[in-house]
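K.L.:
My structure is below; once you've seen it, I'll send some questions.
Computed from the coordinates by the stated procedures, all read-outs in this text should not be read as laboratory data. None of the values given here were measured: they were computed from a predicted structure. With ideal geometry, Cβ positions are generated from the backbone for all residues, glycine too; neighbour counts draw on all protein chains shown.
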Amino acid sequence: MVLSKEVRAMAKKPYTTSIDTDISGNFKSACEERGIKMNVVLEAFMKQFTDNEFAVKISKNGVRLEIEEK
C-alpha cells in the first residue's frame, strides 16, 4: 500500500498509547533498518485496517493478523 502525497500531507494528530517494550523496540529497529518512519507504518496499518484489508484475530494463543483476500 502506497500512501499518496495528499494523505501524507494531511493534518497530523498526536497519538499516545502503551505498547509492550519488546514489541516497541523491535518495531523501531525494523523501521530504522528499512528507512521508514514509524508513524508512516502505523498510518498505513490503520488505513488498511479501517479499509477492512485485514482482520485482527484474538485467541487464547495470542493476537494475529488475517489478510482479507480480495
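K.L.:
For a quick check of your reading of the filter: which GluC sites (Glu not before Pro) in the range 10-70 sit in a DSSP loop and have no more than 16 other Cβ atoms within 10 Å?
P.N.:
GLU53, GLU68, GLU69
K.L.:
Work through the residues other than CYS31 whose Cβ is under 13 Å from its Cβ and net out their charges, Lys, Arg +1 and Asp, Glu -1.
P.N.:
0
K.L.:
With θ set to phi - 60°, apply the Karplus curve 6.51 cos²θ - 1.76 cosθ + 1.60 along the range 25-31 and write out the HN-Hα couplings as whole Hz, x wherever there is a Gly or Pro.
P.N.:
Working through the residues one at a time gives x, 5, 5, 4, 4, 4, 5 Hz.
K.L.:
Another question about this same structure. How long is the gain from PHE54 to LYS12 if the chain were fully straight, where each residue apart is worth 0.36 nm and the alpha carbon distance is subtracted?
P.N.:
Details: separation 42, 0.36 × 42 = 15.12 nm, distance 2.39 nm.
Full extension from PHE54 to LYS12 adds 12.7 nm.
K.L.:
Pairs to check: LYS12/LYS37; LYS37/LYS57; LYS28/LYS57; LYS12/LYS57. Give those whose C-alpha atoms are more than 19 Å from each other in this structure.
P.N.:
Beyond 19 Å between Cα atoms: LYS37/LYS57; LYS28/LYS57; LYS12/LYS57.
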